[in-house]
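Below is one structure; the comments refer to it alone.
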Amino acid sequence: MKKVEQGTRIVEAGQRVHHAYFCSEGLFRLFYLLPDGREYNVAFSLEQDFATSYGSMVKGEASAFSIEAMEDSVVIEISYDLLKELMDTSPMWERFVRTSVERLYIRKEERERELLCYSALERYKAFLLKYPGLEKRIPQYHIASYIGISPVSLSRLLRNDEH
């Protein structure tokens with residue numbers, strides 16, 4: 001178990017990733033940082049979920065995004081080399097990793113559909129379903145970033161939806 005303080009980045013964009021992190025307590029955000037300083041949240045990892053740049057880990061390339069603790073958190077850190085060894089020697093570990101990757105892929109597919117096919121209000125409602133209670137744990141500007149609108153637009157959307 002490893003403690004991670006709020007604001008700490010466990011994955012930094014531009015660096016290679018050699019570990020996967022299983023969140024046992026806390027909350028992480030996965031986000032892209034644009035050259036102009038804007039940030040776009042693409043996912044959140046909560047308790048009982050993995051947080052890593054899987055593509056970077058597997059391909060041995062730099063991660064395109066960062067992962068930051070949004071709360072003081074506790075993770076189980078496992079190196080990719082050990083993970084591969086465990087998968088090669090244990091059907092249980094191979095199944096565990098496979099089902100974890102399947103969940104991540106499904107989430108990614110759903111996220112793509114939301115961004116391409118849903119209105120801002122529908123994306124907000126999908127966020128609430130996907131991450132129940134998270135709207136009470138994070139600032140609204142992080143939700144706005146996740147659904148692809150400005151914080152002002154989110155406030156307006158929520159105000160109009162109440163009427």
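The values are calculated or read from the model by the stated rules, or taken from the named source; none is laboratory data. On a predicted model such as this, the values are computed, not experimentally measured, just so you know. When we count neighbours, we look across all protein chains shown, and the Cβ atoms used for this are built from the backbone with ideal geometry, even at glycine. Quick note on the areas: whole protein, heavy atoms, side chains included, nothing else; ligands and nucleic acids left out. Shrake-Rupley method; radii C 1.70, N 1.55, O 1.52, S 1.80 Å.
So, E94, is that one open to solvent by 40 Å² or more (accessible area, probe 1.4 Å) and charged (D, E, K, R) or not?
yes
For the condition aliphatic (A, V, I, L, M) and more than 22 Å from T99 (Cβ to Cβ), what is the one hit in A13, A20, A43?
Selected residue: A13, the only one of A13, A20, A43 that is aliphatic (A, V, I, L, M) and more than 22 Å from T99 (Cβ to Cβ).
Can you name every residue in the range 98-123 that is among the basic types (K, R) and either open to solvent by less than 80 Å² (accessible area, probe 1.4 Å) or modelled with pLDDT of 95 or more (or both)?
R107, R111, R113, R123
Which residue is least open to solvent (accessible area, probe 1.4 Å), if the candidates are limited to the range 14-38 and must be farther than 22 Å from L83 by Cα and either of a type in the set (G, A, S) or touching a helix residue (DSSP H, G or I) at 6+ places or on another chain (Cβ under 6 Å) (or both)?
Only one residue fits best here, namely G26.
Is there a residue in the range 124-134 that is open to solvent by less than 40 Å² (accessible area, probe 1.4 Å) and at positive phi?
Yes, the conditions are met somewhere in the range 124-134.
Can you tell me how many residues in the range 132-163 are of a type in the set (D, E, K, R) and in contact with a Leu (Cβ under 8 Å, 6 or more places away or on another chain)?
Qualifying residue count, the range 132-163: 3.
How about the range 1-97: which strands (runs of 3 or more DSSP E) wholly inside it have at least 2 residues that are more than 24 Å from P132 (Cα to Cα) and more than 14 Å from the chain's Cα centre (by Cα)?
2-4, 73-79
Would you be able to say whether some residue in the range 51-72 is open to solvent by less than 70 Å² (accessible area, probe 1.4 Å), touching a residue at least 60 places away in the same chain (Cβ under 8 Å), under 24 Å from H142 (Cα atoms) and not charged (D, E, K, R)?
Yes; the residues of the range 51-72 include at least one that is open to solvent by less than 70 Å² (accessible area, probe 1.4 Å), touching a residue at least 60 places away in the same chain (Cβ under 8 Å), under 24 Å from H142 (Cα atoms) and not charged (D, E, K, R).
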